[in-house]
Amino acid sequence: MRLYTVRLPEGSERVMAEGEQGEWYDLSPYYESMLDVIAQGPRVISDLYTTLKSAEKTAFHSEWTLLAPIPAPLRNVFCVGWNYLKHFNEGIGKRENQETDLPEYPTFFSKATRAVVGPHALIPYDSQFTQKLDYEAEIAVVIGQEGKNIAERDALHYVFGFTLANDISARDVQRRHGGQWLKGKSMDGSCPLGPAIVTRDEIPNIEELNVRGIVNGEVRQEARLSQLIFSIPRLIAELSRAMTLLPGDILLTGTPDGVGFAMDPPRFLRPGDRLVVESDRLGRLENTVGPDIHETR
Ligand code: MG
C-alpha cells in the first residue's frame with residue numbers, strides 16, 4: 001500500500017492511501033496521522049487493506065499539498081554514510097579500481113527533525129552558510145515497531161515500509177566540525193522525504209529496490225539495494241544495539257556514487273536547480289533549490 005500525508009487547503013493534515021487503480025482513500029476517519037498508523041503495530045498493514053474496502057474513494061485534488069509522509073518525526077532522522085562501494089571510494093578520493101579497506105561497521109549520523117520537508121518543497125539556499133551544497137539520493141526505511149538488540153535475521157519484521165530521501169549536505173561544513181557530520185547535514189529543509197511510504201508487503205525482494213538521483217534532468221546517480229556495503233538488516237541490527245528503535249523512526253540507507261563534490265570539477269547546487277530522487281517501486285521525489293536567502297529582490 002502507498003500511504004501519503006496530505007495537507008488540505010484549510011490546513012488540516014490527513015493520511016491518505018492510493019489504490020491500485022490510482023484512486024485515493026481518505027484515512028482520517030480511522031487514523032490521526034501517519035505516526036498513529038505506524039503506532040498500531042505490525043498488524044496495521046492487513047487492517048489497512050480491510051479498511052480500504054469500506055473507505056470512501058476519491059480522486060487527488062489539485063489544491064491538496066503532499067507533505068513528507070511523516071512531516072514531523074519524533075526523533076532525528078538516522079542516516080548512514082559511505083554505504084555504496086563506489087561512493088565510499090569517491091568520498092576518500094580513490095579511483096574505482098583501487099583496492100579499499102572497507103569499514104567494519106557502518107558510519108551513523110543524524111539529521112535534526114526540522115530537516116524533513118515534503119515533495120516539491122523549496123530547499124533553503126544560504127550562501128553565507130555554505131558554498132558547497134550537494135545532493136544524495138537515498139532509499140529510506142521507516143521502522144514499524146519498537147526494538148532493541150534486533151537480530152539481523154529478524155530485522156525486516158521491524159520495517160513498516162520504504163520511502164525516498166535526498167540527504168542534502170553542505171560539504172564545506174560537513175567535515176570542519178571535528179569530523180562530526182551533523183552540522184553540515186542538519187540544516188532546516190535538508191531532508192526532502194516522500195512522496196509515499198510504500199509498505200513492506202509491497203516489496204517482496206528489497207534487494208531489487210533501485211534509486212536514481214537526477215539533477216536538472218541529468219541522471220547522476222543510480223544503484224540498487226543489492227549493492228549496499230551494509231544491508232538493511234545489518235544496519236537495523238547495528239543501529240539497535242543498546243539503543244531502542246521506535247515506531248516511526250526513519251533510517252536513510254546511504255547514497256550511491258555520483259554526488260556533486262566528487263565530480264571533476266565539482267558541481268555544487270545552485271538556486272533554481274531541480275532535484276529528483278526516483279525509484280521504480282517507490283515513486284518520484286521532486287524538489288527545487290530555493291533562491292539565496294541573502295539576495296535582495
Ligand atoms: Mg547520505
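The values are calculated or read from the model by the stated rules, or taken from the named source; none is laboratory data. Quick caveat, the model's predicted, so the values are computed rather than measured. As a convention, Cβ positions derive from the backbone with ideal geometry for all residues, glycine included, and neighbour counts pool all protein chains shown. Areas reflect the complete protein model, heavy atoms only, side chains present, ligands, DNA and RNA absent. Shrake-Rupley method; radii C 1.70, N 1.55, O 1.52, S 1.80 Å.
Where in segment 21-86 are there trypsin sites (Lys or Arg not before Pro) that are in a DSSP coil and have at most 16 other Cβ atoms within 10 angstrom of their Cβ? It would help to have the intermediate numbers written out before the result.
Working: sites: ARG43, LYS53, LYS57, ARG75, LYS86; in loops: ARG43, ARG75.
For trypsin sites (Lys or Arg not before Pro) across segment 21-86 that sit outside H, G, I, E and B with at most 16 neighbouring Cβ atoms in 10 Å, the list reads ARG43, ARG75.
With a cut-off of at most 11 other beta carbons within 10 Å, and DSSP calling the residue loop, which trypsin sites (Lys or Arg not before Pro) in segment 95-199 qualify? Please list them.
On the way: sites: ARG95, LYS111, ARG114, LYS132, LYS148, ARG153, ARG171, ARG175, ARG176, LYS183, LYS185; in loops: ARG95, LYS132, LYS148, ARG175, ARG176.
Taking segment 95-199 and a limit of 11 other Cβ atoms within 10 Å, the loop trypsin sites (Lys or Arg not before Pro) found are ARG95, LYS148.
Which one of SER190, ILE232, VAL219 has its Cα pushed farthest toward the positive end of the charge dipole of the chain, where Lys and Arg give +1 and Asp and Glu give -1 at the Cβ?
SER190
Restricting to the chain, what percent of DSSP beta bridges are antiparallel, rounded to 5? Intermediate results must be reported in sequence, preceding the final value.
On the way: 55 of 62 bridges.
Around 90 percent of the beta bridges assigned by DSSP in the chain are antiparallel ones.
Between LEU133, LEU102, LEU156, where does the largest GNM mean-square fluctuation fall for the chain, given springs only between Cα atoms within less than 10 Å?
Looking only at LEU133, LEU102, LEU156, the largest GNM fluctuation is found for LEU102.
In nm, to one decimal, how far is the THR296 label point from the LYS57 one, both placed 7 Å along Cα→Cβ?
About 5.7 nm, to one decimal.
Of the accessible area of the chain, with the probe set at 1.4 angstrom, what percent is carbon plus sulfur?
Numbers: 6380 of 13900 Å².
Answer for the chain is 46 percent, counting heavy atoms of protein chains only.
Expressed as a whole number of Å, what is the distance separating the alpha-carbon centroids of segment 49-70 and segment 249-290?
Distance between centres, Cα-based: 27 Å.
Identify which of SER62, SER127, SER169 has the largest mean-square fluctuation in a Gaussian network model of the chain, with springs joining Cα atoms closer than 10 Å.
SER62
Most fluctuating residue of VAL173, VAL77, VAL117 in a GNM of the chain with Cα springs under 10 Å: which is it?
Largest GNM mean-square fluctuation: VAL173.
Can you give me the Rg/Rh ratio for segment 2-67, using Cα atoms for both radii and the Kirkwood formula for Rh? Walk me through the numbers before you get to the answer.
Details: Rg = 11.5 Å, Rh = 12.1 Å.
Using Cα coordinates only, the ratio equals 0.94.
Counting only helical runs of four or more DSSP H residues, what would the 222 nm mean residue ellipticity of the chain come to if each run contributes -39,500 (n - 2.57) and the total is spread over all its residues?
Working: 6 runs with 40 residues, N = 297.
The helix contribution divided over the chain gives -3500 deg cm²/dmol.
Can you work out the accessible area per residue across the chain, with the rest of the protein chains kept in place, probe 1.4 Å, in square angstrom? Let's see the in-between values first.
Working: 13900 Å² over 297 residues.
Counting only protein heavy atoms, the per-residue value for the chain is 47 Å².
Pull up the cross-link candidates among the aspartates and glutamates for LYS148, meaning alpha carbon to alpha carbon under 15 Å and not fewer than 8 places away within one chain.
Within the straight-line cut-off, LYS148 pairs with GLU238, ASP249.
Looking at segment 1-39, which GluC sites (Glu not before Pro) are in a loop (DSSP not H, G, I, E or B) and have at most 16 other Cβ atoms within 10 Å?
Details: sites: GLU10, GLU13, GLU18, GLU20, GLU23, GLU32; in loops: GLU10, GLU20, GLU23, GLU32.
Listed in order of number, the matching sites are GLU10, GLU20, GLU23, GLU32.
Filter the cross-link list LYS86/LYS183; LYS57/LYS185; LYS53/LYS185; LYS86/LYS132; LYS57/LYS111 down to pairs whose alpha-carbon distance in this structure exceeds 32 Å. Numbers along the way, then the final one.
Values: LYS86/LYS183 25 Å; LYS57/LYS185 40 Å; LYS53/LYS185 42 Å; LYS86/LYS132 21 Å; LYS57/LYS111 36 Å.
Checking Cα-Cα distances, LYS57/LYS185; LYS53/LYS185; LYS57/LYS111 exceed 32 Å.
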